[in-house]
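Everything below concerns the one structure shown next.
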Amino acid sequence: MFPRNREARVLQPKQPRSSSILPVKAIAVEPVNSYRESRFYTGTVTARRTSELGFELPGQLTRIVVDEGSRVKAGTPLAYLDSQRLETSRRELLARRAQAVAQLKEMQAGSRPEIIAAARASVRDLSQQLELARQKSQRREMLYTEGAISREQRDEALNEQAVLQARLERSQSQLDELLAGTRPERIEAQQSLIQQYDAIIARIQLQLQKNILKAPFSATVSRRLVDEGTVVSAGQAVLRLVENKAPEVRIGVPATVAARISPGSHQQLQIGQKNYQAKVSSILPELDASTRTLTVVLTLDESIGTEVSPGQIARLKLDEIVRDSGYWLPITALVKGTRGLWSCYVLSEPVKSEDGNTFLVERRDVEVLHTQSDRVLVRGTLQSGDRVILSGTHRLVPGQLVRSLP
C-alpha cells in the first residue's frame, strides 16, 4: 500500500504560488517584410565661385583699396596699376586730334570771302599790267623794225610780257581753286587721320580701364597675394575672392543611390552641429575616378548667411527601404548566444496557477539583421504571435516559470 500512495503523491504536482514566480513583461511579435534605414554620405561645403584676380597687362601695382575680409560688390575697384605714361599719351593724342578736327572744319567750310576777293583783285591787277606790257611790246617791235631801238630793248619788252602772263595764269589758278573749295580726297584723308587718332585713344582708354582691377561678382576678399610697389606680370594673381552667396555642398554618392535623387528635391544636411535643408541643384554625369561615385550638388538657402563657411564637412542623410523579413525586438530582449548568434526568451506553455498568467520560459536563437536606435531586426526560430520577454533576461533560464504582467 505504501508504494501506491507514494506514486499518487508524485503524480499530483503542487501548484506554484504566484508570489514566488518572477514577474516579466512580454510583447507579441509580428513579422515585417522591410524596414527604413538612414544612411549618411559625407561631402564638403564649397563656394559657388572663387577667383584669383590679376591684371591683363603688366605694370607696377600702386594701390590696393581692400583688405582681407572686405566684402565687395560686383564692379567695385580693388587695385590699380601705374598709369602715368598712358595718361600722358592720351592727352597728347587728344591735342593732335583737336588740331586735325580744326583743319577738317576749315577744309569743309572753304576759303573766306576776304581771301577770294583779294585773289580776284590780284587777277585784275595782273591782267591790267599784262595789257600794258603787250602794248609796250608792240611799240618796241615797230621801233625795232624802223631801226630806232636795239634788239635788246625789244627783247626786254617781250620778256616782261611773258613774265606777267605767267603770273596771271598762276593767280587765276589760285582763284579757281579757292572758288572750287578743297578737293574731296583731301577731306577724306583728313577724316581718316581723325579716325586713326580715335582708334589709338580708344586703345589707350581700354588699357587705362584694364589698369583697374574690379570685382567680377559680389564677394569677400579671402587673401591679398601681393603688396603695393610690386611689378606684376600679366595674369599674376593679386587678390583671391570668394563669392558672398550661400555656398554649395558637393557630396559623392554611389550611382545606384544617385538614381533615386531627383534634381530640385530637398534633402537634409548636417553641417557642424546643425541640420539644414538644401535643394539638389544638379547631379554631375561623370563618376569620380578615385571614389567611383557621382557628385550631387546641393544649394543652401540664402538666409543662412555666414553660418556655413567653405571647407566645412557636410553629411547628407538619405532614407532607404531595405527589403528583408524579420521581427523587431527591443535590444533589452537579446541574450548572447553561441557561435556569434543571439537569443531571446519567449513565453511558451502556460502553467496552471492561481492567477492564470504563469508560463514556462523558452529560449529562441535569432540572427541580428539590423540595429536601429534601441531596437533590432532579427530572424530565426521566432514565429508570428510569439510573446517575447522585454527585459530582465539575465535572470532567466530555459524552463523557468514566470508570471506575465499586463
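The values are calculated or read from the model by the stated rules, or taken from the named source; none is laboratory data. Every value quoted in this text rests on a predicted model; they were computed, and no experiment measured them. Cβ placement follows ideal geometry from the backbone for every residue including glycine, while neighbour counts extend to all protein chains displayed.
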Residue identified as outside the structural domain of Ala215 (by TED's automatic domain parsing), in contact (Cβ under 8 Å) with a residue 60 or more places away in the chain and of a type outside the set (Lys, Arg) among Ile149, Ile116, Ile64: Ile116
Looking only at the range 31-52, and only at residues there that are surrounded by 15 or more Cβ atoms within 10 Å (Cβ to Cβ) and among the aromatic types (Phe, Trp, Tyr), the one that is farthest from the chain's Cα centre (by Cα): Tyr35
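Here is a yes/no grid of residues against (1) small (Gly, Ala, Ser); (2) without any contact (Cβ under 8 Å) to a residue 24 or more places away in the chain:
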| residue | (1), (2) |
| --- | --- |
| Lys317 | no, no |
| Asp324 | no, no |
| Thr338 | no, yes |
| Pro350 | no, yes |
| Phe359 | no, no |
| Glu362 | no, no |
| Thr371 | no, no |
| Ser384 | yes, no |
| Thr393 | no, no |
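Residues are listed down the side, and each one gets a yes or a no for (1) under 25 Å from Gln190 (Cβ atoms); (2) exposed (fewer than 13 other Cβ atoms within 10 Å of the Cβ):
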position	(1), (2)
Ala95	yes, yes
Val101	yes, no
Leu104	yes, no
Ser122	no, no
Met142	no, yes
Gln174	yes, no
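This table checks each residue for (1) surrounded by 12 or more Cβ atoms within 10 Å (Cβ to Cβ); (2) in the same structural domain as Gln383 (by TED's automatic domain parsing); (3) modelled with pLDDT of 90 or more; (4) of a type in the set (Phe, Trp, Tyr).
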site	(1), (2), (3), (4)
Thr295	yes, no, yes, no
Leu298	yes, no, yes, no
Glu307	yes, no, no, no
Ala314	yes, no, yes, no
Tyr327	yes, yes, yes, yes
Lys336	no, yes, no, no
Trp342	yes, yes, yes, yes
Glu349	no, yes, no, no
Screening Thr306, Thr299, Thr291, Thr256 for residues that are over 30 Å from Asp386 (Cα atoms), part of a strand (DSSP E or B) and among the β-branched types (Val, Ile, Thr) leaves only Thr299
Quick test of your reading of the structure: Val402 fulfils all but one of (1) surrounded by fewer than 16 Cβ atoms within 10 Å (Cβ to Cβ); (2) over 24 Å from Arg339 (Cβ atoms). Name the failing condition by number. (1)
